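The values are calculated or read from the model by the stated rules, or taken from the named source; none is laboratory data. Computed from a predicted structure; not experimentally measured. Here Cβ is always computed from backbone atoms with ideal geometry, including for glycine, and neighbour counts include all displayed protein chains.
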Amino acid sequence: MMSHPTLLRVSAVLCLTALLAPASVAQSPMLGRPAPPLQVPAWVNVRAGRETELAKLRGKLVLLEFWGTCKKDCMKMRPRAPELHERYAGSGLEVLVISYDPVNVIEDLVERMAYTVPIACDPTMEIFRTYRVPEVPTACLVDAEGTIVYYGFPDEVEIAIRAGMGQDADPAVLLGAFLDWRAERGGEEDRRRRLALLIASAPRAFDLRAWALERAGLEPPGDAGAASDEPPAATLDDYAHAAQAGDGARASAILAELAARGRSAFDLRSWALDTLGALHPIGLEELERLLAARNHDAAADALQHRRPTPEVGRRAADESAFVDYCRRKSVEARALARKGLMAERWLFAGVEPEAKQRFWADLGSSGLIPAIDGEAGLNIGSERVTRRTASSYVDEQLARYLTLSSIASGRAPDVRPARARIDAERERHLAYLFERYGARDR
C-alpha cells in the first residue's frame, strides 16, 4: 500500500481527480479556437444517422464532455451530458461524450445506465491531449461555426448552452418569469416549463434581497437591517401564491418585506425543487414509464424531489434493477456528502486535519481552487462547491442518500426526508470524519 504523499498524489493524477483547476472560460487556451477533429478509436451507442464528426455537425451547437469512470472510486460522479441531451436535444443541441475507458467498460455502462448519447472510447487519451484537457469532467461547447465558446467545468456550461441558443439563463430573470405565470395566460405545461428553466439555472446562493429591490424598483436602504425572522422560502412561497393569484396588493407587500430584509445568500435551487415537488408530485404512471425505459437517474431524482406517495415508493422498491441502481448510487451520494462535509468543516473553516495524508487522498484534491470572482471552491462530483453553498450541497446529497438507501433496503422512501433526519445523518457522518481525520482546531 502506498503511503508516501508524493505517491498518493501521483495515484490521484493517474485517476484524473481534481488536482488541477479546471480551465476557466477566461483562462483556457482552447477558447476561441476552431475545435480539432474528433479522431478516436471507437464509438459506442451511435444510432443509425447520428453524426459524430464535427465537420458534419457544422451549423449546430455541440457539447463535448470529456469524462471517465475511474476504477478506484476517486471521482464518484456521473456525466452531465445525458441530462443536458435530454433537456436540449429538442432545441438542436448535439451532445457527445469522450471517455478514456475501453469499449467493454462503456458498453456495460450504456446498458446499465440506459444512456442515449454517443460515447467515444479513447484509452490512449490522444484526443484528451489534443483538446488539452486538464481533468475530467471537462465540458467543451462548440458553436455553429466550429469555434470553442466554452471550455471548463460542466457545472457552468448550461449557461453557455442557453446563450448559444438565444435563451436567457439569468436566474433572476427566470425566477421573475416563473412568478409572472398566471393561469389565465398559460396552462400547467407552460408553468412547468418555466419552473424547469429556473431549476436548471438556480444557484444555491442567490441574492434574494437584491432581486426584490430591483423587482420593486426600490433603492437599497441605507441601513440594510437584519434578515427576516420568517424563513425566506416561506416568504417567497407567499409571494408566488399572491402573484400568480393576481393579488397585487398582497404581492407588493411581501415583495417590500423581501426587499427590506431578504437573504443575500438564499438557496434558490432548493426552493425551486421544493416548488416542483409541491406542484408536480410524481405519480405511478410516470414512474412506470421511467422504470420501463431504465431511466434510473430521472426516477431517482423524481423520488427525491417530487414527493412520491407510499404506493409510488413501494413500486420503486419492488423493481430489482432499480434497487440495484439505488444500492450503488446510495454509496456515491454518501461519498459526495462526506466530501462536502470535509470541505465545509475543514477547508472552508481553515481547520487542519491531523491525518493530512489520509484526508487529501480521500478528498482527491490538492486544495481549494481560486475563482475569477474571488470565491474559492472545490470541485465535488460535477459541481463547484464554495463556502456559501457547501451546506446546501451536503443537505441535498444526504437527502439523496436517505432516499436511495431506503429503496436499496426494499423500503418506500419518505415523501421528503425530514429536517431532523438530515441533521442526524450530518452528525453521524461528521463523527465518522472527525474520528478518521481529526482536527487541530476543532
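In the set (1) within 25 Å of Asp395 (Cα to Cα); (2) among the polar types (S, T, N, Q); (3) touching a residue at least 40 places away in the same chain (Cβ under 8 Å), the condition left unmet by Thr235 is number (3).
What do you reckon, is Leu96 under 25 Å from Ala293 (Cα atoms), under 17 Å from the mean Cα position of the chain (by Cα) and modelled with pLDDT of 80 or more? So that I can check it myself, show each step before the final result.
On the way: under 25 Å from Ala293 (Cα atoms): yes; under 17 Å from the mean Cα position of the chain (by Cα): no; modelled with pLDDT of 80 or more: yes.
In short, no.
Just checking, does the stretch 249-257 include any residue being in contact (Cβ under 8 Å) with a residue 24 or more places away in the chain, surrounded by fewer than 22 Cβ atoms within 10 Å (Cβ to Cβ) and more than 28 Å from Thr386 (Cβ to Cβ)? Within the stretch 249-257 (the criterion being in contact (Cβ under 8 Å) with a residue 24 or more places away in the chain, surrounded by fewer than 22 Cβ atoms within 10 Å (Cβ to Cβ) and more than 28 Å from Thr386 (Cβ to Cβ)), the answer is yes, since at least one residue qualifies.
Of Gly146, Gly152, all but one fail to be within 21 Å of Pro29 (Cβ to Cβ), touching a strand residue (DSSP E or B) at 6+ places or on another chain (Cβ under 9 Å), modelled with pLDDT of 90 or more and not aromatic (Phe, Trp, Tyr); the exception is Gly146. In the stretch 319-346, which residue that is over 21 Å from the mean Cα position of the chain (by Cα) and of a type in the set (A, V, I, L, M) is surrounded by the fewest Cβ atoms within 10 Å (Cβ to Cβ)? The qualifying residue surrounded by the fewest Cβ atoms within 10 Å (Cβ to Cβ) is Ala321. In the stretch 419-441, the qualifying residues are those that are among the small types (Gly, Ala, Ser) and surrounded by 12 or more Cβ atoms within 10 Å (Cβ to Cβ), and the one that is nearest to the chain's Cα centre (by Cα) is Ala424.
With respect to Cys121, is the statement that it is more than 18 Å from the chain's Cα centre (by Cα) and touching a residue at least 24 places away in the same chain (Cβ under 8 Å) true?
Yes.
So if I check each of Leu303, Leu268, which one is under 18 Å from Arg192 (Cα atoms) and either in contact with a strand residue (DSSP E or B) (Cβ under 6 Å, 6 or more places away or on another chain) or outside the structural domain of Arg416 (by TED's automatic domain parsing) (or both)? The unique qualifying residue is Leu268. Contact map, the stretch 400-424: first residue within 14 Å of Val323 (Cα to Cα), second residue of a type in the set (Phe, Trp, Tyr), Cβ cut-off under 9 Å, separation 6 or more or different chains; pairs are Leu404/Tyr325; Ile407/Phe322; Ile407/Tyr325; Ala408/Tyr325. Within the stretch 352-396, being assigned to a loop (DSSP other than H, G, I, E, B), modelled with pLDDT of 90 or more and crowded, with 18+ Cβ neighbours inside 10 Å holds for Pro353, Arg387, Thr389. Go through the stretch 34-60 and give me each residue that's farther than 24 Å from Tyr150 by Cα and either touching a Lys or Arg at 6+ places or on another chain (Cβ under 8 Å) or in a loop (DSSP other than H, G, I, E, B) (or both). Matches in the stretch 34-60: Pro41, Asn45, Val46, Arg47, Ala48, Gly49.
Among the residues in the stretch 346-359, are any under 21 Å from Asp297 (Cα atoms) and either of a type in the set (Asp, Glu) or free of Cβ contacts under 8 Å to residues at least 40 places away in the same chain (or both)? Within the stretch 346-359, none of the residues are under 21 Å from Asp297 (Cα atoms) and either of a type in the set (Asp, Glu) or free of Cβ contacts under 8 Å to residues at least 40 places away in the same chain (or both).
Mind counting the residues in the stretch 397-422 that are among the small types (Gly, Ala, Ser), in contact with a Gly (Cβ under 9 Å, 6 or more places away or on another chain) and in a helix (DSSP H, G or I)?
The qualifying residues number 1.
The criterion of at least 1 residues that are surrounded by fewer than 18 Cβ atoms within 10 Å (Cβ to Cβ), outside the structural domain of Phe128 (by TED's automatic domain parsing) and within 16 Å of the chain's Cα centre (by Cα) is met, among helices (runs of 4 or more DSSP H) falling completely within the stretch 152-207, by 188-201.
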